[in-house]
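The values are calculated or read from the model by the stated rules, or taken from the named source; none is laboratory data. On a predicted model such as this, the values are computed, not experimentally measured, just so you know. Every residue, glycine among them, receives a Cβ derived from its backbone with ideal geometry; neighbour counts consider all protein chains shown.
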Amino acid sequence: MGKLAAVLLGCLLLTGCAANWQQDLRYKILSVNNKTPTEYFDLELVGDAPKGSLEPGKLKSQLMQTNLIKGAEVGDEVLCSVEQEKGNAFGNSNVVTHLKNCKKA
């Protein structure tokens, strides 16, 4: 029994405080950002950040390459699969936000 407890404690220590959150969210395209060689849409979250997200403030405003949202333009709303990941205590413990598979709503 003591060995099992030690193994479980070791597993917990190795994972640290790693966490993951995922949900589909709706964004509005505010503008096109073309200050760099790659064009981006400036996206703003529609409504409030959902409860349970790892860092709600990072969901409010996002950038997405214009070529990754087919047929979208300024003023449109898009639905994106959003994932937030927090690394463990031994690696990068910052929250990183990823937007994927954005489509016109």
Exercise. Scan the range 16-32 residue by residue and report those that are modelled with pLDDT of 95 or more and in contact with a Phe, Trp or Tyr (Cβ under 7 Å, 6 or more places away or on another chain).
Key: I29, V32
Quiz prompt | Failed item, numbered, when L13 is tested on (1) modelled with pLDDT under 95; (2) in a strand (DSSP E or B) | solution = (2)
Quiz item: How about the range 78-99: which of its residues are surrounded by 14 or more Cβ atoms within 10 Å (Cβ to Cβ) and not aliphatic (A, V, I, L, M)?
Solution: C80, S81, E83, Q84, E85, K86, G87, N88, T97
Self-check item: Spans of strands (runs of 3 or more DSSP E) in the range 28-105 with at least 2 residues farther than 20 Å from A18 by Cα and among the acidic types (D, E)
Solution: 40-45
